[in-house]
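Structure record follows, encoded as structure tokens.
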Ligand code: COI
């Protein structure tokens, strides 16, 4: 985007907003009126535009569909107590999509394109940000390769799109997980840290097998030994053992979650012992048996803070402590929510108010 580039705006003739039942919003199925689109060609982002949400004209040979050059982000906007709209930590999502793009041989996405597109879209669709305290506007920025070419090489052309969905909870109940010790999500030198579409596609088959047995999600373990916990399919995972918060280090194999970082920042600020270190599956099983495992939870933009109530480890179901007695995860959830909605001071400067 150069200084002279502006965002062309084509609005819908009739908003779909009056048709939405905000008392029953399923996650990820209702889309706001508009989307932001930008195209990359000849080494430049161009044709920045807001247009009605709807089908994109694509040819069957675009390389994203065949070779998977496709990355995305997940972020949220919140209705604050005073009615204004708050984007939570958008620059962290920008940084991560830039990191993902580099790993997947995709072009650098400048801050101006990401932030100006985001602001313009949210300005136009601001009425879609839910009022209800339990709900928010989920924002999905993504970039994909558009070369009309059958051959393995990085594409020369791309599109970057942002669309939004009003959402409620991703998980409607506390989560049951199975610790996966055969399949792998990522490895040293792989793409685990990137929010690449293919990472999620490759995880579907093992996750489906666990879901058929009644678990919501997998907890991935390291690909070499399957003895160390990495992350879950939709979120990073954390444990409170005794008085210590433990989570796997954000190395190249796991996604550096924005919620993960927010929780660790709060925990350190509150003086809780925090250990970012390899977490053995066996130590969690032993802690549960000894009664020192106090809490297990996932952290993610969609999932927020998701209590884990059951973990299947090597075929054995471990029923974890009750959700009501969980001091720390409930405090993380409430504090993050209060900050996002302007009820608590934003001492880490996470909020970006429109
Ligand atoms: C997010 O938390 O934003 C994600 O991308 C995860 C997905 C399950 C919605």
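Side notes on the structure shown:
- Verdict on residue 187 being in a loop (DSSP other than H, G, I, E, B) and modelled with pLDDT of 95 or more: yes
- Unmet requirement for residue 221, which otherwise passes all of (1) buried (at least 23 other Cβ atoms within 10 Å of the Cβ); (2) within 14 Å of the ligand (Cβ to nearest atom); (3) closer than 20 Å to residue 297 by Cα: (2)
- Among the residues making up the range 125-138, those that are within 28 Å of residue 95 (Cβ to Cβ) and in a loop (DSSP other than H, G, I, E, B) are 125, 129, 130, 135.
- Residue 147 being outside the structural domain of residue 233 (by TED's automatic domain parsing), touching a residue at least 60 places away in the same chain (Cβ under 8 Å) and in contact with a helix residue (DSSP H, G or I) (Cβ under 7 Å, 6 or more places away or on another chain): yes
- Exactly one residue out of 205, 215, 200, 182 is in contact (Cβ under 8 Å) with a residue 60 or more places away in the chain, out of contact with any helix residue (DSSP H, G or I) (no Cβ under 6 Å at 6 or more places or on another chain) and surrounded by fewer than 24 Cβ atoms within 10 Å (Cβ to Cβ): that is 215.
- Subset of the range 139-151 [in a strand (DSSP E or B) and surrounded by fewer than 20 Cβ atoms within 10 Å (Cβ to Cβ)]: 140, 142, 148
- Any chance residue 139 is within 12 Å of the ligand (Cβ to nearest atom) and modelled with pLDDT of 95 or more: yes
- Among the residues examined, residue 346 qualifies as on the phi < 0 side of the Ramachandran plot, at pLDDT 95 or above and either assigned by TED's automatic domain parsing to the domain that holds residue 90 or not in a strand (DSSP E or B) (or both).
- Some residue of the range 19-26 being over 26 Å from residue 101 (Cα atoms) and in contact with a helix residue (DSSP H, G or I) (Cβ under 9 Å, 6 or more places away or on another chain): yes
- Residue check, residue 274 outside the structural domain of residue 73 (by TED's automatic domain parsing), within 16 Å of the ligand (Cβ to nearest atom) and in contact (Cβ under 8 Å) with a residue 24 or more places away in the chain: no
- Filtering the range 266-297 to residues that are assigned to a strand (DSSP E or B) and surrounded by fewer than 17 Cβ atoms within 10 Å (Cβ to Cβ) leaves 273, 275, 276, 280.
- Test result for residue 333, in contact with a strand residue (DSSP E or B) (Cβ under 8 Å, 6 or more places away or on another chain), surrounded by fewer than 20 Cβ atoms within 10 Å (Cβ to Cβ), part of a helix (DSSP H, G or I) and at pLDDT 95 or above: yes
- When the range 232-246 is limited to residues that are within 16 Å of the ligand (Cβ to nearest atom) and closer than 18 Å to residue 285 by Cβ, the one that is surrounded by the most Cβ atoms within 10 Å (Cβ to Cβ) turns out to be 237.
- Boolean, residue 26 is within 16 Å of the ligand (Cβ to nearest atom) and over 24 Å from residue 146 (Cα atoms): yes
- Some residue of the range 254-263 being assigned to a strand (DSSP E or B) and in contact with a strand residue (DSSP E or B) (Cβ under 6 Å, 6 or more places away or on another chain): no
- When the range 83-101 is filtered for residues that are under 17 Å from residue 137 (Cβ atoms) and away from the ligand (no atom under 16 Å from the Cβ), the ones remaining, listed by number, are 83, 84, 85, 86.
The values are calculated or read from the model by the stated rules, or taken from the named source; none is laboratory data. Keep in mind that this is a model prediction, so the values were computed, not measured. Here the Cβ is made from the backbone with ideal geometry for all residues, glycine too, and neighbour counts use every protein chain on show.
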